[in-house]
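Any read-out appearing in this document is the output of simple, stated calculations on the displayed coordinates, not a laboratory observation. Being a predicted model, the structure only gives us computed values, none of them experimental. Positions of Cβ are generated from backbone atoms using ideal geometry, with glycine treated the same way; all protein chains shown enter the neighbour counts.
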Amino acid sequence: MGDQYIKIGCEVFIQQGNSILLGNRKNCYGEGTWALPGGHLEYGEKLVDAAQREMEEELGIDVPHMKLLTVAENTDDRGHYIHLSFLAEDFVGTIQCMEPQFCYEWRFFPLNELPKPFLKAHEVILKTYFKRVVYLGNKDC
């Protein structure tokens, strides 16, 4: 199973009314699945800075105001992950597919009609989000 250290993912919920933005993954782990925008925390980087950087790299937008929404964890064949997910309170710019080598498209989906298949690592993030809690323990997942 993956590396023997914990990796940190920073994802962002970008809402439009009762919909959230999801990307269809391409040429990377989870090919063909839908996932939240985000990526890995780099050494020495602040959590919110990582989330903001990922939004600029993946979507071409600036997200000046975010708040921590959920904390989730998973272990899979890539290793042990802690996911810190933020809510974008606003953004500046137009959402674009800035990394077409990694994403087929970005699209808003109503919360009650999320696409499948969904990236397994992000399923616990969604469970936490829908339960309206910051963190779910193992017994709750």
(request) For each of ILE82, ILE6, count neighbouring Cβ atoms within 10 Å of the residue's Cβ, then give the residues from fewest to most. (result) ILE6, ILE82
(request) Provide the descending list of Cα extents for the chain along its principal axes, expressed in whole angstroms. (result) 37, 31, 29
(message) Among ALA88, LEU69, GLN52, whose Cα projects farthest towards the positive end of the dipole of the range 6-140, with charges put on the beta-carbon of Lys, Arg (+1) and Asp, Glu (-1)?
(response) LEU69
(request) Treating only the Cβ atoms of Lys and Arg (+1) and Asp and Glu (-1) as charged, compute the dipole magnitude of the range 6-140 about its Cα centre; round to the nearest 20 debye. (result) 540 debye
(request) Sticking with the crude label model, points 7 Å out along Cα→Cβ, report the distance from LYS127 to VAL71 in nm, one decimal please. (result) 1.8 nm
(request) Kindly provide the helix-only [θ] at 222 nm of the chain, computed as the sum of -39,500 (n - 2.57) over DSSP H runs of four or more divided by all residues, to the nearest 500 deg cm²/dmol? (result) -5500 deg cm²/dmol
(request) Mind sorting VAL133, VAL12, VAL92 by how few other Cβ atoms lie within 10 Å of their own Cβ, fewest first? (result) VAL92, VAL133, VAL12
(request) Could you please rank PHE130, PHE108, placing first whichever residue has the fewest other Cβ atoms within 10 Å of its Cβ? (result) PHE130, PHE108
(request) Enumerate the residues in the range 56-82 having an amide nitrogen under 14 Å from the point lying 7 Å beyond the Cα of GLU89 toward its Cβ. (result) 63-69
(message) At a threshold of 8 angstrom on Cα-Cα distance, excluding pairs fewer than six apart, so keeping six or more, what relative contact order does the chain reach in percent?
(response) 32 percent
(request) Compute the distance in nm between two label points, each set 7 Å from the Cα along the Cα-to-Cβ direction, one at ARG107 and one at ASP62. (result) 3.1 nm
